1. Looking at 92, 101 in this structure, which one is surrounded by 15 or more Cβ atoms within 10 Å (Cβ to Cβ), modelled with pLDDT of 90 or more, touching a strand residue (DSSP E or B) at 6+ places or on another chain (Cβ under 9 Å) and assigned to a strand (DSSP E or B)?
2. Could you look through the stretch 18-44, keep only residues that are assigned to a helix (DSSP H, G or I) and in contact (Cβ under 8 Å) with a residue 40 or more places away in the chain, and pick out the one that is nearest to residue 153 (Cα to Cα)?
3. Scanning the stretch 131-156 for residues that are buried (at least 20 other Cβ atoms within 10 Å of the Cβ) and touching a strand residue (DSSP E or B) at 6+ places or on another chain (Cβ under 9 Å), which turns out nearest to residue 89 (Cα to Cα)?
4. Over 18 Å from residue 47 (Cα atoms), surrounded by 15 or more Cβ atoms within 10 Å (Cβ to Cβ) and modelled with pLDDT of 90 or more: which single residue out of 110, 200 fits that description?
5. Here is a list of conditions, (1) under 15 Å from residue 123 (Cα atoms); (2) surrounded by fewer than 16 Cβ atoms within 10 Å (Cβ to Cβ); (3) modelled with pLDDT of 90 or more, and residue 44 meets all of them except one; can you say which number that is?
6. Output the number of the condition that residue 77 fails; it satisfies all remaining conditions of (1) more than 24 Å from residue 117 (Cα to Cα); (2) touching a residue at least 24 places away in the same chain (Cβ under 8 Å); (3) assigned to a loop (DSSP other than H, G, I, E, B).
7. Taking the stated definitions as given, is residue 122 over 26 Å from residue 27 (Cα atoms) and either in a loop (DSSP other than H, G, I, E, B) or in contact (Cβ under 8 Å) with a residue 24 or more places away in the chain (or both)?
8. Quick one: would you say residue 119 is farther than 30 Å from residue 155 by Cα, buried (at least 19 other Cβ atoms within 10 Å of the Cβ) and out of contact with any strand residue (DSSP E or B) (no Cβ under 9 Å at 6 or more places or on another chain)?
C-alpha cells in the first residue's frame, strides 16, 4: 500500500495527477494507494487489516467517505463555478471526499487515463470522481473515513477509524503514542460502539460551537 502525502492540495489537480503518474511509474505492483493530506490522521494498521480480510484481491476499489449528488456551483462569483455549457448535468457522480481515500492499482490507472480528457476547474476529489465515473468505477462508501471532519479524540474510536481530518501535530502525536501503548487496541465491540457514538456526538457539538462562534464574529 502506497501512502501519497502532501502537498496534495484539494485545489491543485496538477499535483494529484503527478502523484498518480508517479505511482504508476514507480509502484506498478502496489495493490492499493491512499491519497491523504499531511494533516490527516491515517490509521494504516486498521486499513491494512481491513484489506487483508477481503477474500479476493478487489479490482475497481475506490473507497472513502462518499459524497452523493453534489451540485455544481452555478454562481459565477463563487469558487469552482462551472457553466451549464461545460457541465450540463444537475449533479456530479458520487465521489470519495478528500482529504483521504483509497484506490486499488487498476483504479489509479483508469483515473489517470481518463484525466487526460478532463479540463474543469474543480476540487481534485470531484475530478477524481468524474474520472472514475467515466471509467465505469463506482465509489464505495466507508464511514470509517471521516471525510473533511476532525473526529473528537477517544482512543477506541481512533483505533477503529481509518482517518480523521485537520489533526494538528500535538493531537497526532497523542493518538500514535496512545495506540502504540495499546490504548484503544484491545477495545471490546461494545466499548468500540460506545466510543464511536460518543465521538460522533462530540464532533457534532464541536462543529455547532464553531459555527456559532463564526456567526458571533460576523
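The values are calculated or read from the model by the stated rules, or taken from the named source; none is laboratory data. Computed from a predicted structure; not experimentally measured. Methodologically, a virtual Cβ is constructed for each residue, glycine included, from the backbone with ideal geometry; neighbour enumeration extends over all protein chains shown.
1. 101
2. So in the stretch 18-44, the residues assigned to a helix (DSSP H, G or I) come out as 18-26, 44.
If we keep only those that are in contact (Cβ under 8 Å) with a residue 40 or more places away in the chain too, we end up with 20-21, 23-24, 44.
Working: 20: 31, 21: 35, 23: 32, 24: 35, 44: 17 Å.
Ranking the qualifying residues of the stretch 18-44, first place goes to 44.
3. 132
4. Numbers: 200 fails: modelled with pLDDT of 90 or more.
Just a single option satisfies the conditions, and that option is 110.
5. In the conditions (1) under 15 Å from residue 123 (Cα atoms); (2) surrounded by fewer than 16 Cβ atoms within 10 Å (Cβ to Cβ); (3) modelled with pLDDT of 90 or more, residue 44 misses (1) alone.
6. Residue 77 satisfies all of (1) more than 24 Å from residue 117 (Cα to Cα); (2) touching a residue at least 24 places away in the same chain (Cβ under 8 Å); (3) assigned to a loop (DSSP other than H, G, I, E, B) except (2).
7. Details: over 26 Å from residue 27 (Cα atoms): yes; either in a loop (DSSP other than H, G, I, E, B) or in contact (Cβ under 8 Å) with a residue 24 or more places away in the chain (or both): yes.
Yes.
8. Values: farther than 30 Å from residue 155 by Cα: yes; buried (at least 19 other Cβ atoms within 10 Å of the Cβ): no; out of contact with any strand residue (DSSP E or B) (no Cβ under 9 Å at 6 or more places or on another chain): yes.
Against the criterion (farther than 30 Å from residue 155 by Cα, buried (at least 19 other Cβ atoms within 10 Å of the Cβ) and out of contact with any strand residue (DSSP E or B) (no Cβ under 9 Å at 6 or more places or on another chain)), residue 119 does not qualify.
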